[in-house]
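Let me begin by presenting the structure, written as structure tokens, before commenting on it.
The values are calculated or read from the model by the stated rules, or taken from the named source; none is laboratory data. From a predicted model like this one, the values you see are computed outputs, not experimental measurements. With ideal geometry, Cβ positions are generated from the backbone for all residues, glycine too; neighbour counts draw on all protein chains shown. The protein model used for the area step is the full one, side chains on, heavy atoms only, and it has no ligands, DNA or RNA in it. Shrake-Rupley method; radii C 1.70, N 1.55, O 1.52, S 1.80 Å.
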Amino acid sequence: MTTWDSQAYDRDFAFVAAYGAELLDWLKPQPGETILDLGCGTGDLTARILEAGATVIGLDADPAMIDAARARLGDSVELRVADAHDFSVERPVDAVVSNAALHWMPAQVEVLGCVSDALVDDGRFVAEMGATGNVAAITTSVDEACREAGLPPRVWPWFFSSPAQYAAMLEDAGLEIRQLDFYDRPTKLAGADGLAKWLSMFASDVISDLPAEVLERAEEKARPTLWRDGDWWADYRRLRFRAIKVVSS
Ligand code: BEZ
């Protein structure tokens, strides 16, 4: 399992939380609702849902993230270390929300089964995740640098779905799509070391055996596409959706 440096995550990748806040417009949390934040990380989105007057349950697989969320939120929120492929709630919730976490989960059918089971009838599932082609310029640059150096191809750990594929999986889990966006969102990785920091935060297992020259070569290869005006721009491509649990007969 990937483990995270929660402080570096909040410091260097604050954009994850900032973009996550946009999900609130899709979620529309209401006072009195119970909302589950799946892959809550350090709890930024969780805090915003709480501010809206909802009760929140935050789940994350990484104990370090749950510790950081607890430091931020105290006891006002139920926070649990849990595997998204195998979780359940005592009482069904009004909504499940997930920001930039689903693409880390290898068995989507299991995840969506748990999400569906956790929701009340008509409950909402609102999420943003990487879509097909997400960060392809980054992974291709590293792969090409490895090939040139005679190193084995990388195995990238993420699941990036097309809109059609994900809509079908949601439907199979009893979740009906009501709104779906599929869009490019170039994302600034500030400064000359922005790409290196991104790789070491999010792909540390993938690059751990690579010599510095190979990583430098990967940067050289990525530069014409991803370096603009003094910053790196990761080629993020997003799926954002709102689905409803269809009423069981
Ligand atoms: C993403 O949010 O799209 C993402 C973040 C880290 C690694 C891969 C994808």
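Can you pull out the residues in region 180-233 that are surrounded by 14 or more Cβ atoms within 10 Å (Cβ to Cβ) and of a type in the set (S, T, N, Q)?
T187, S200, T225
Which condition number in (1) closer than 20 Å to W26 by Cα; (2) of a type outside the set (F, W, Y); (3) in a loop (DSSP other than H, G, I, E, B) is the one that V247 fails?
Only one criterion in (1) closer than 20 Å to W26 by Cα; (2) of a type outside the set (F, W, Y); (3) in a loop (DSSP other than H, G, I, E, B) is unmet by V247, namely (1).
What number of residues within region 71-87 satisfy the criterion of being free of Cβ contacts under 8 Å to residues at least 24 places away in the same chain, more than 18 Å from the chain's Cα centre (by Cα) and open to solvent by 40 Å² or more (accessible area, probe 1.4 Å)?
Looking only at that region, the number is 3.
Being open to solvent by less than 30 Å² (accessible area, probe 1.4 Å), on the phi > 0 side of the Ramachandran plot and not aromatic (F, W, Y) is the requirement here; does G53 meet it?
no
Take region 109-121 and flag every residue that is surrounded by fewer than 22 Cβ atoms within 10 Å (Cβ to Cβ) and either within 16 Å of the ligand (Cβ to nearest atom) or assigned to a strand (DSSP E or B) (or both).
Correct list: V120, D121.
Which fully enclosed strands (runs of 3 or more DSSP E) of region 132-236 have 2 or more residues being within 13 Å of the ligand (Cβ to nearest atom)?
175-184, 187-189
Among the residues of region 132-165, which ones are open to solvent by less than 30 Å² (accessible area, probe 1.4 Å), under 15 Å from the mean Cα position of the chain (by Cα) and over 15 Å from L226 (Cα atoms)?
Answer for region 132-165, where residues must be open to solvent by less than 30 Å² (accessible area, probe 1.4 Å), under 15 Å from the mean Cα position of the chain (by Cα) and over 15 Å from L226 (Cα atoms): just S161.
Here are some conditions: (1) touching a strand residue (DSSP E or B) at 6+ places or on another chain (Cβ under 8 Å); (2) open to solvent by less than 40 Å² (accessible area, probe 1.4 Å). P63 meets all but one. Which one does it not meet?
(2)
Just checking, how many residues over region 61-95 are farther than 16 Å from A118 by Cβ, part of a loop (DSSP other than H, G, I, E, B) and in contact with a Gly (Cβ under 7 Å, 6 or more places away or on another chain)?
1
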